[in-house]
Amino acid sequence: MATIAILGTLDSKASEHSFIAERIRERGHKTVFVDVGTGGDPQLKPDYTRYDVAAANGVDLDSLMKRHDRGECVVAMSEAAPVFLAQLVQAGAIDGVVSLGGGGGTAIGTAAMRALPIGFPKLMVSTVASGNTAHYVGTKDIVMMPSIVDVSGLNRISRTIFTRAAGAICGMVEAKIDEEGGKPLIVASMFGNTTTCVNEAKAILEEAGYEVLVFHATGSGGQAMESLIESGMVSGVLDVTTTEWADEVVGATLSAGPTRMDAMTKAKVPAVVAAGCVDMANFGARETVPAEFEGRNFYIHNPQVTLMRTNAKECTEIGKVIAIKANANAAPVAILNPLKAVSEINGEGQAFYDPEADAALFEAIRANAQVEVIDLEETINSPAFARACAEKLLELIGQAR
């Protein structure tokens, strides 16, 4: 028997959440109600009150509710619910979570779910579960189920949807995951212009007994990798494609945000880092490149993607950030510099060959790094550089043990 949290605004949607709880209990599982409502009194007795939830994040709920600002209340609960639900999961008090809601309920419910580990069963039945749900799901495995009709009472349609949702969350908690004999995980960042390097290093790491998960460094890919690292499931990080920092510094389209490379520090995971593909910032079709960049060195990757060569000033900033992020990790970290090319099109005679910008990049890394920095007279895609990265990571993982 599993325990499933029923999280919702129990002042306005008690009957709906009660219905799904009954269907879950019919399948032999226990339910606990978590109230995140901030309007009237809850219409059923919760196992965890709104005050329990608010207190987890230091919110004075009475003062908040007296202001009668619904938006402010939703924001406060969206910040408190993740803290509270994560505490329940950490304590082993719940095995899954389901929530029903409109716009406000979905904001609170999915915020709480995004705080939970990958693989933990989470289901949001929502009026807004269509179109672009990226801001609700983030990088987590939240299942969003369209409610079809509003979450407002019980009728022929809503009873059908809620019953199916109960079956879905029960199926998720009942599913047994075979983790026996699973290999330890290493994550790696890759771009088209570092594919050869990562594939070569991956083969070496797999031969050493690891399972290597590769993430495409396209902004969302880097964020997904960071999320997995932070979950604590990862033994090592092969972050040889830090190109998303080029987009963050330049203001291009594939940034992963300013927290990129923070997860290894939070999880204290050994890492090998390289400035892979930081010679390029990504834009859409050529005509979409902002006018401020006219006169720069461009490379048409395909009709939908235009690459822009980063200059010496930008490379200095990128190198500094990479070094600072590496310094923050208490686990063993090394930065490997491929001095002859950081991408497939950065070597001598290639479209993005720029010795001045490359020199600025590597000098910034050396000047700011407090971790081991290894300069190699190799291109990033040479077999020697790939092997050096893989072997160094294996060495650092061994040190961490």
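The values are calculated or read from the model by the stated rules, or taken from the named source; none is laboratory data. Treat the numbers as computed from the prediction; the structure is a model and nothing was measured. All Cβ positions, glycine included, derive from the backbone under ideal geometry; neighbour counts span all protein chains shown.
Screening the candidates PRO303, PRO332 for the property of being at pLDDT below 95, surrounded by fewer than 24 Cβ atoms within 10 Å (Cβ to Cβ) and not small (Gly, Ala, Ser) yields one hit, PRO303. Among the residues of the stretch 102-125, how many are closer than 20 Å to ARG50 by Cβ and part of a strand (DSSP E or B)? Looking only at that region, the number is 1.
In the stretch 41-76, how many residues are touching a residue at least 24 places away in the same chain (Cβ under 8 Å), of a type outside the set (A, V, I, L, M) and either surrounded by 14 or more Cβ atoms within 10 Å (Cβ to Cβ) or touching a Pro at 6+ places or on another chain (Cβ under 9 Å) (or both)? Qualifying residue count for the region: 8.
Can you give me the ranges of the strands (runs of 3 or more DSSP E) entirely in the stretch 154-249 with at least 1 residues that are surrounded by fewer than 20 Cβ atoms within 10 Å (Cβ to Cβ) and among the acidic types (Asp, Glu)? Once the strands (runs of 3 or more DSSP E) in the stretch 154-249 are filtered for at least 1 residues that are surrounded by fewer than 20 Cβ atoms within 10 Å (Cβ to Cβ) and among the acidic types (Asp, Glu), what remains is 211-216. Here VAL151 clears all of (1) in contact (Cβ under 8 Å) with a residue 60 or more places away in the chain; (2) touching a Gly at 6+ places or on another chain (Cβ under 7 Å); (3) outside any loop (DSSP other than H, G, I, E, B) except the condition numbered (3).
Suppose we filter the stretch 252-294 for residues that are in contact with a helix residue (DSSP H, G or I) (Cβ under 9 Å, 6 or more places away or on another chain) and in a loop (DSSP other than H, G, I, E, B); how many remain? Talk me through it step by step, then tell me what you get.
Filtering the stretch 252-294 for residues in contact with a helix residue (DSSP H, G or I) (Cβ under 9 Å, 6 or more places away or on another chain) gives 252-283, 293.
With in a loop (DSSP other than H, G, I, E, B) added as a condition, the list becomes 252-262, 268-270, 274-279.
Counting residues in the stretch 252-294 that are in contact with a helix residue (DSSP H, G or I) (Cβ under 9 Å, 6 or more places away or on another chain) and in a loop (DSSP other than H, G, I, E, B) gives 20.
Scanning for something part of a helix (DSSP H, G or I), assigned by TED's automatic domain parsing to the domain that holds ALA14 and within 22 Å of SER18 (Cα to Cα), does the stretch 61-74 turn up at least one residue? For the stretch 61-74, residues part of a helix (DSSP H, G or I), assigned by TED's automatic domain parsing to the domain that holds ALA14 and within 22 Å of SER18 (Cα to Cα): present.
The number of residues in the stretch 101-115 that are surrounded by 23 or more Cβ atoms within 10 Å (Cβ to Cβ) and out of contact with any Lys or Arg (no Cβ under 6 Å at 6 or more places or on another chain) comes to 7.
Filter the stretch 376-396 down to residues that are among the aliphatic types (A, V, I, L, M) and under 27 Å from the mean Cα position of the chain (by Cα), then give me how many there are. Count: 6. Out of all the residues in the stretch 282-299, is one or more under 29 Å from the mean Cα position of the chain (by Cα), surrounded by fewer than 23 Cβ atoms within 10 Å (Cβ to Cβ) and under 29 Å from GLY398 (Cβ atoms)? No, the stretch 282-299 contains no residue that is under 29 Å from the mean Cα position of the chain (by Cα), surrounded by fewer than 23 Cβ atoms within 10 Å (Cβ to Cβ) and under 29 Å from GLY398 (Cβ atoms).
Scanning the stretch 362-401 for residues that are in contact (Cβ under 8 Å) with a residue 60 or more places away in the chain, aliphatic (A, V, I, L, M) and over 13 Å from LYS340 (Cβ atoms) gives ILE365, ALA386, ALA390, LEU393, LEU394, LEU396, ILE397, ALA400.
Hey, among the residues in the stretch 215-253 that are among the hydrophobic types (A, V, I, L, M, F, W, C) and within 14 Å of the chain's Cα centre (by Cα), which one's nearest to LEU307 (Cα to Cα)? It comes out as ALA217.
Evaluate the stretch 192-201: report whether one residue or more is among the charged types (D, E, K, R) and closer than 19 Å to LEU376 by Cβ. Within the stretch 192-201 (the criterion being among the charged types (D, E, K, R) and closer than 19 Å to LEU376 by Cβ), the answer is yes, since at least one residue qualifies. Screening LYS45 on (1) of a type outside the set (A, V, I, L, M, F, W, C); (2) part of a helix (DSSP H, G or I); (3) in contact with a strand residue (DSSP E or B) (Cβ under 8 Å, 6 or more places away or on another chain) shows it passes everything except condition (2).
Counting just the residues of the stretch 268-281 that are farther than 19 Å from ALA386 by Cα and in contact (Cβ under 8 Å) with a residue 60 or more places away in the chain, which one comes out surrounded by the fewest Cβ atoms within 10 Å (Cβ to Cβ)?
LYS268
Annotation note: of ARG114, ARG156, the sole residue that is over 24 Å from the mean Cα position of the chain (by Cα) and outside the structural domain of PHE385 (by TED's automatic domain parsing) is ARG156.
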